[in-house]
Amino acid sequence: MVRKPLVILFGILSAIMLLAIACGSDEANPNATATPAGPSTVAPADRAPEPTAAPTAIPATKAPVVPGGADTLDIDVNGDALAFSLGSMSATAGSDVVVNFHNSSSVNTHNWALVEAGTKDAVAADGTGAGPTNNWLPVDDSRVIGATVLVGPGQSGEATFTAPAAGTYQFVCTFPGHNFTMFGDFVVN
């Protein structure tokens, strides 16, 4: 009779140990890429909520526009966190846009893609199917307006495109799982 409670206790302790191991860090593998388990319900304080409707115009005072014929924008990541350094970017409709993306992470690979409003998760899911040889982006997808190639730790990439019609679009990292926390609004004035 003492054996049954010990077996149950052993089973519970084993489950706790497995859970503790599963929740451990990736310190043993410095090249590991952190991937969240699912969508986050808490947005960073500097990021606006994801748009839920069709693109709408936003006054230029909400996001600064780079003066001149071409809009050159710079963006980075927040170190090894799965987050961009900016929650919003802006350009002028019809302008030539150059986005200089620097990946200051020491372990994670990222990309930067401008997509139609409300499509970031669907584009990222389709990009997973396209695989790493396609930079985790769906091939010839009309929802993708501009994008960089995969950018390794400490490297930089560039996206060049013509700004679409005025409205609010989204930028996102489509590396599998990163789209849940690595996104922002791209305002075209």
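The values are calculated or read from the model by the stated rules, or taken from the named source; none is laboratory data. In this text the structure is predicted, and so the values were computed from the model without any measurement. Glycine also receives a Cβ, built like all others from the backbone with ideal geometry; neighbour counts cover every protein chain displayed.
Data table
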{"item": "Residues that are of a type in the set (A, V, I, L, M) and buried (at least 19 other Cβ atoms within 10 Å of the Cβ), drawn from segment 124-143", "result": "ALA124, LEU137"}
{"item": "Test result for THR119, polar (S, T, N, Q), under 16 Å from PRO164 (Cα atoms), touching a strand residue (DSSP E or B) at 6+ places or on another chain (Cβ under 8 Å) and at pLDDT below 95", "result": "no"}
{"item": "Any hit, segment 112-123, residues being out of contact with any Leu (no Cβ under 8 Å at 6 or more places or on another chain), of a type in the set (Phe, Trp, Tyr) and buried (at least 21 other Cβ atoms within 10 Å of the Cβ)", "result": "yes"}
{"item": "Residues of segment 53-84 satisfying the condition of being modelled with pLDDT of 95 or more, part of a loop (DSSP other than H, G, I, E, B) and touching a Gly at 6+ places or on another chain (Cβ under 9 Å)", "result": "LEU82"}
{"item": "Qualifying residue in segment 160-169 (condition: over 20 Å from LEU73 (Cβ atoms) and polar (S, T, N, Q))", "result": "no"}
{"item": "Residue under evaluation PHE180, criteria (1) surrounded by fewer than 20 Cβ atoms within 10 Å (Cβ to Cβ); (2) touching a Cys at 6+ places or on another chain (Cβ under 7 Å), criterion not met", "result": "(2)"}
{"item": "Selected residue (only one of GLY129, GLY146, GLY157 is more than 19 Å from ALA91 (Cβ to Cβ), modelled with pLDDT of 95 or more and of a type outside the set (Asp, Glu))", "result": "GLY129"}
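Condition check ((1) under 16 Å from the mean Cα position of the chain (by Cα); (2) of a type outside the set (A, V, I, L, M)) across all residues:
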{"site": "ALA70", "(1), (2)": "no, no"}
{"site": "LEU82", "(1), (2)": "yes, no"}
{"site": "MET89", "(1), (2)": "yes, no"}
{"site": "THR109", "(1), (2)": "yes, yes"}
{"site": "GLY129", "(1), (2)": "no, yes"}
{"site": "ASN134", "(1), (2)": "no, yes"}
